[in-house]
Amino acid sequence: MSRIISGFADNLTLVVPKVGTRPTSDRVREALFSSLDARDEIRGRRVLDLYAGTGGLGLEAASRGAASVTLVEKAPAAAKVLRRNADAVLARAPKPPRGAPPRVDIVAQTVRSYLTGSGGLVDLVFFDPPYELSKDELAADLAALLPLLDAQALVVVERASRDGEPSWPAGLTLDVKKQYGDTTVWFALRD
């Protein structure tokens, strides 16, 4: 079971496809978002969730005050679930005059084609690729991401601890590494 931990959609259970996704555990997500909240990295941000799966990371950011969230997922079944989860989160969003709901866009295509064809700048990126994505593919995706990063954007990469640190392209600098059992999360900043 995966759920939204905090914000206007607090405790909402997310739908998870039967196969093909590996949602970030609630424990890791809670620790990750505590760090992001402490850094004031969510409210008002333009968020990009690559390899979105169920949308847990991007939708958590939406619930906590992100201005916009783009969820990129190529698997058709997961993209369908993303739409259901996004609709459920947005149904709980504040309505004017109390506030404005975040914009949530779902892009059903490969991460690489999105990165090479997109134009909007982002402030916060969640990069939680499948474990089978090679280090070389990860490095290529990170390099392709650079033109979409606004100044001082934060990139959060989640990988199995056994995979080791990603190869950072020029323009991204490692800021913090956090390990949660078998999962490691790296925070990198746009130079």
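The values are calculated or read from the model by the stated rules, or taken from the named source; none is laboratory data. Please read all numbers here as calculations on a predicted model, not as lab measurements. As a convention, Cβ positions derive from the backbone with ideal geometry for all residues, glycine included, and neighbour counts pool all protein chains shown. These accessible areas exclude ligands, DNA and RNA; they are computed on the full protein's heavy atoms, side chains included. Shrake-Rupley method; radii C 1.70, N 1.55, O 1.52, S 1.80 Å.
Quick notes on this structure:
- Among the candidates D123, D150, residue that is over 23 Å from P23 (Cβ atoms) and buried (at least 20 other Cβ atoms within 10 Å of the Cβ): D123
- Residue that is farthest from the chain's Cα centre (by Cα), among those in segment 182-191 that are within 16 Å of D128 (Cα to Cα) and free of Cβ contacts under 8 Å to residues at least 60 places away in the same chain: D182
- Scanning segment 1-25 for residues that are open to solvent by 50 Å² or more (accessible area, probe 1.4 Å), without any contact (Cβ under 8 Å) to a residue 60 or more places away in the chain and not charged (D, E, K, R) turns up M1, N11, T13, V19, G20, P23.
- Qualifying residue in segment 98-111 (condition: of a type in the set (S, T, Y), in contact with a strand residue (DSSP E or B) (Cβ under 7 Å, 6 or more places away or on another chain) and under 19 Å from D141 (Cα atoms)): no
- Residue check, S161 loosely packed, with under 15 Cβ neighbours inside 10 Å, small (G, A, S) and touching a strand residue (DSSP E or B) at 6+ places or on another chain (Cβ under 7 Å): yes
- Search result, residues across segment 173-186 that are assigned to a strand (DSSP E or B) and open to solvent by 30 Å² or more (accessible area, probe 1.4 Å): T173, L174, D175, V176, K177, K178, Q179, Y180
- For first residues located in segment 57-74 and on the phi < 0 side of the Ramachandran plot, partners that are hydroxyl-bearing (S, T, Y) and in a loop (DSSP other than H, G, I, E, B) and lie 6+ apart or on another chain with Cβ distances below 8 Å form the pairs L57/T24; E60/S6; S63/S6; R64/S6; V72/Y51; E73/Y51; K74/T110.
Rundown of residues vs (1) small (G, A, S); (2) more than 17 Å from A61 (Cβ to Cβ); (3) touching a residue at least 40 places away in the same chain (Cβ under 8 Å), yes/no style:
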{"site": "D150", "(1), (2), (3)": "no, no, yes"}
{"site": "V157", "(1), (2), (3)": "no, no, no"}
{"site": "A160", "(1), (2), (3)": "yes, yes, no"}
{"site": "L174", "(1), (2), (3)": "no, yes, no"}
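- Restricted to segment 162-172, and to residues there that are without any contact (Cβ under 8 Å) to a residue 24 or more places away in the chain and assigned to a loop (DSSP other than H, G, I, E, B), the residue that is farthest from A31 (Cα to Cα) is A170.
- You will find that of R103, R46, the residue that is of a type outside the set (S, T, N, Q) and touching an Asp or Glu at 6+ places or on another chain (Cβ under 6 Å) is R46 and no other.
- Qualifying residue in segment 127-137 (condition: touching a residue at least 40 places away in the same chain (Cβ under 8 Å) and closer than 20 Å to D40 by Cβ): no
- Residue within segment 1-21 that is closer than 16 Å to V185 by Cα and assigned to a strand (DSSP E or B) present: no
- Qualifying residue in segment 102-125 (condition: within 23 Å of G56 (Cβ to Cβ) and of a type in the set (F, W, Y)): yes
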